[in-house]
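One structure is given here, and the rest of the page talks about it.
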Amino acid sequence: MKPWIFCDRCRGMEVGWNRAYVGHNLSCRGGISRGLGFLVMVLTAVLVVFLFPTRATSPAVSGPDIPAAGLEEVAGPEAFADPVVLAVEDLIARHTPVTRAEGMRIARAVVASARRHDVDPFLVTGILVAESSGDPYAISHRQAVGIMQIHVPTWGAIVETEGLNLFLLEDNIEFGTRIIRDYTRRHGLWDGVMRYLGAREPTDEARAYVQRVRGIYSDRQAD
């Protein structure tokens, strides 16, 4: 796979020549002016909207034993009346500094992906909060990216093949939920959460991480 390159100037990321990152590549790494770069990005975004209106089906994270699932459009305004979405948004509001609008967008994406993959949305929320506190642009020193801190060295090849944008929270949550589904089915609930951290043994760090996720998960007010 092509190497993943982090931009020191704007903390963007280049993942080969795909449409999700071509604007960034042109503006940050092409040697053109910032004003022209912005214009190029706007024109690129317009072209993408008209030339690529739909998203291809996404295969499962770990192979043929996990059924494939397409990236569907996040629920519309009716999701605001969904009690599970409201409960997830409440949990996010109590454990992160995000705004109400941001929290609702995150909650809708979490519930949509959780239902698609038969994963507890409150578990997804607990991991999301523990990983990034709701920051869709988070980058860790371990090269984990986005709101669910997808570990690039582990999952980068799949992300690049699928053309996902890890700084788009819907893409990041969708992919993270698939990883959670895989790990919890293979290793059980809390051992699966430990695996999401990248730990194979119950170290002090892994125990503290699982305890934090459990604490957020148990703070939910509705199922």
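Reported count of residues in region 179-215, each being over 28 Å from Val159 (Cα atoms) and either among the β-branched types (Val, Ile, Thr) or touching a Pro at 6+ places or on another chain (Cβ under 9 Å) (or both), is 1. Taking the criterion of being crowded, with 16+ Cβ neighbours inside 10 Å and farther than 17 Å from Val124 by Cβ, the residues of region 192-216 that qualify are Ala199, Ala206. Within region 177-188, residues that are farther than 14 Å from Ile147 by Cα and acidic (Asp, Glu) have Cβ atoms under 6 Å from residues that are at pLDDT below 95 and not in a helix (DSSP H, G or I) in these pairs: Asp182/Val61; Asp182/Ser62; Asp182/Ile66, counting only partners at least 6 apart in sequence or on another chain. The set of residues from region 161-211 being closer than 30 Å to Met104 by Cβ and acidic (Asp, Glu) comprises Glu162, Glu170, Asp171, Glu174, Asp182. Evaluated against (1) crowded, with 20+ Cβ neighbours inside 10 Å; (2) free of Cβ contacts under 8 Å to residues at least 40 places away in the same chain, Ala138 falls short on exactly one condition, (1).
Just wondering, is there one or more residues in region 76-96 that are modelled with pLDDT under 95 and among the aliphatic types (A, V, I, L, M)? Yes, there is a match, as at least one residue in region 76-96 is modelled with pLDDT under 95 and among the aliphatic types (A, V, I, L, M). Of all residues in region 120-135, which are crowded, with 21+ Cβ neighbours inside 10 Å and either touching a Ser or Thr at 6+ places or on another chain (Cβ under 8 Å) or not small (Gly, Ala, Ser) (or both)? Scanning region 120-135 gives Pro121, Phe122, Leu123, Val124, Thr125, Ile127, Leu128, Val129, Glu131, Gly134.
The values are calculated or read from the model by the stated rules, or taken from the named source; none is laboratory data. These numbers were taken from a predicted model, which means no experiment stands behind them. Methodologically, a virtual Cβ is constructed for each residue, glycine included, from the backbone with ideal geometry; neighbour enumeration extends over all protein chains shown.
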